[in-house]
Structure formats: structure tokens, C-alpha cells
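In what follows, a single structure is set out as C-alpha cells and then discussed.
What follows is calculated from the coordinates using simple rules that are stated; it is not laboratory data. Computed from a predicted model, the values in this text were never measured in an experiment. Methodologically, a virtual Cβ is constructed for each residue, glycine included, from the backbone with ideal geometry; neighbour enumeration extends over all protein chains shown.
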Amino acid sequence: MKDVIALLNCHNSPELGELTSSRPLASTSFLGRYAFADFALSNFCNSEIDTVGILVKDHQRSILKHMGNMMSWVNNTKTGRETIFYNEKGQLNPAYNSDLNNIRENDWVLYDSDASYIVFESAHIVLDIDLRPIIEEHIARHEDITLVYKKIDDADKEFVGGNAFTIDEDGYLLSIDKNDGKNKKANISLEIWIINRTVLADIIARHAMVDASFGMIQMIEYLSKNKIVKIHTHEFKGYARSFDSLKHYVDYSFELLDRNVAKELFKPEWPIYTLTHDTPPALFGDKSNVSNSFIANGCLVEGEVKNSIICRNVKIGKGAKINRSIILSNVSIGAMVTLSDVVIDKYSIVTQRHTIAGDPENVIYLKQGAIL
């Protein structure tokens, strides 16, 4: 789709405590081999959008490391383009480090591009979505802005703190409110927006006069509330999860160990691309025992692993027992170690005979590079 630019928006992603203290959620490890950014970038690629930008809020180093040569998510490697958008001024004044100010600092999207439509998708909401029919509907209806949402029946537990839409019978936005968890049913924003380039240019022009600290969603709400732009909505009915807390990071990761749930997200016709690491297959010792787990390449497993996710290049010693835990890459687990309900960050070492036990409601996190 040569008339479209897609932007992965990292500005709206929540913080997951220490897990995202040195990296954005977009480049945080997920399911052993992916990063969260991979899902939005794969949606763009599978939807045949060749020009892609990443709106980086902070921790640019981590994003660049994951992106590699930046060609893993591009169909057309000759004319396709992936660009990092970074607002240096925002680092000096965090209150104004918004997605809109980022675009203002990287305004080739508005003035040096022939694209007529800009698609935004956030990193923290994981889903697979074909954007082509939504864009085609947006164009056919001559809309200015289209917002994508999902009807849910458990808004008292899911997407709490996210945005909820009130929509009229014709599918147009009436209001945007925070989901405070008081109601079970809600039209939850999936943080996917399709905006005409001319409308985005107008939003940028109005931005400073309205409130220079506003982000895109606040400006969309302003335009709707003041009836400046009529905003259309599109309902999505597939799998979607918001990774907005460490508990949800753990729970939703383990949810996908169920093959029936995983089939809702991972489909043969909709591959999820990621950066390739040239590491050997996992090696399992004679007395290893693995069940209902994901073991990434490069691992050496000599103990017992159940209901867990083990990332690349993890070593698990003899007699170790790991249950319902997530271990990020390049971690060493010694012999006779017992772990349950633990998240261990990269480059950590747990020496022999330690026991670390959390519970499903209180997961223990070991910071990057910890040594026990």
C-alpha cells in the first residue's frame, strides 16, 4: 500500500516496573523469541505497508538493537523503508515528549511524503489485524479519522486504564473516557488510528494552541468533543490483549502456552516476523523433563521445566525445577535450584541449591544481571 505510512507508537505504552526500566515495552522479550514491537510491525508488513516509522519515546538504544538491519519486517526490500522517529527535545522536557511532538520533529511524514494516510498502532496491545480492509473502508467512506475498537465483556478486569469509546448507532465516536473498571461491558480502544495526512497536518498546526503537552489521543478527543472532525470507528473481533502490568505480562504469556489460545493469535497465513539470531537448537540432557513450556534456541536444559517460557541461551542445571516462570536470555540456573512464579531478567546467575518461590498473584522479579 504505497499511499500509506504506518507508525509504531511507543509513547502510549505503560511501564511494567523494573522490567521496562532500561528498555521500552516495544523491545521487551515476549514468548521467548519475540519482542512486543514484532506484532505491530508484522501487521504492517502483512498488510503490505512498506513505509514504516517507529515513534520512540525513550531507550532508543534498545529499539535499535532489536531492529538490527531494519529489514526483517519489510516486504519490498528495494523500496521499503523503516525509520526511527526520535524527539531529542522531549528528553530534555519529558512533559512534552509526546507522539505528536515526535512527529513535529520528524515532519517528513507530513511534507516530504506522497502518502495520503497515516496508520498508528501501539506496542503494548498484542493482536494480529489485517489493516487493508479497514484502510479501504476509511477511504471509501471519505473519513478523516478512523479508530479501531473491540467490544469486551470483562472491562472490570481487562484494559483497565485504557480508553473506552461511546459510539452512536452509525459507528461515529461520541466520547472517549478512561476505562475505570466499574463496568463490565465497554468499547475498548485498541490504539489503532487511521488519519488522513492533511488532517494530521491540521492537528499539528492546532496542537500548540490547544495544549502543547497533548498527545494524539488527547487531540483526537478534543476534535471530537468540539465537533471539529467527525470520527468514524471500526470494530475488531479477534484476539487482543493489553500488556499493561507485570502480572498481565506473566498471565497472558502463559495463556499462549495453550494451543487453542495460541491459534487465535498465531496463524499460518499471518506470520509474526522477528530478528533472527544464529544460535543452535536447544539441547536437552538425558534426565531433563519439559512439559507445557516454550524453550528457545540456544538453551541447555538438564533439569525439569513446567509451564514456563525460557528465552535464548539459558542454561538450566541438573536437578533444577522450574515452574510457571519466565527466564529471559543468557541466564544461568545452577543445579538443584527451585523456581516458581519468577521472572528473571537477562544476564542473571542463580547459583546452586537456591529456592525462589512467588505465587500467581505476587510474581517475583529478579533484575537484569542479578547474581544469587
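Test of understanding: what is the full-extension gain from N183 to R141, defined as 0.36 nm times their sequence separation minus their Cα-Cα distance?
Extending this stretch completely gives an extra 11.9 nm.
Only one of the listed values, [x] 23.6, 84; [y] 21.3, 60; [z] 21.5, 68, was derived from the coordinates as Rg and Dmax of the Cα atoms in Å; which label is it?
Computed from these coordinates, Rg and Dmax of the Cα atoms in Å corresponds to label [z].
Along Cα→Cβ, 7 Å out, is where each label goes; now give me the distance between the ones at I84 and S22 in nm to one decimal.
Spacing of the two 7 Å Cα→Cβ label points: 1.8 nm.
To the nearest 10 degrees, how steep is helix 246-255 against the longest Cα principal axis of the chain, on a 0 to 90 scale?
80
Would you calculate the separation in nanometres between label points at A95 and K237, each defined as 7 Å from the Cα along the Cα-to-beta-carbon direction?
4.6
Mind pulling the angle between the C-alpha long axis of helix 216-225 and the longest principal axis of the chain? Nearest 10 degrees, somewhere in 0 to 90.
The two axes meet at around 40 degrees.
How much length is gained on full extension from T276 to I364, taking 0.36 nm per residue of separation minus their Cα-Cα distance?
Additional length available on full extension: 28.7 nm.
For n ≥ 4 DSSP H runs only, could you compute -39500 (n - 2.57) per run for the chain, divide by its residues and tell me the 222 nm figure to the nearest 500?
On the way: 10 runs with 84 residues, N = 372.
When only DSSP H runs of four or more count, the value is -6000 deg cm²/dmol.
Cα axis of helix 37-46 to longest principal axis of the chain: angle in degrees, 0 to 90, nearest 10?
60
DSSP loop GluC sites (Glu not before Pro) in the range 187-277 with at most 14 other Cβ atoms within 10 Å of their Cβ, which ones?
Of the GluC sites (Glu not before Pro), the ones in loops of the range 187-277 whose Cβ has at most 14 other Cβ atoms within 10 Å are E269.
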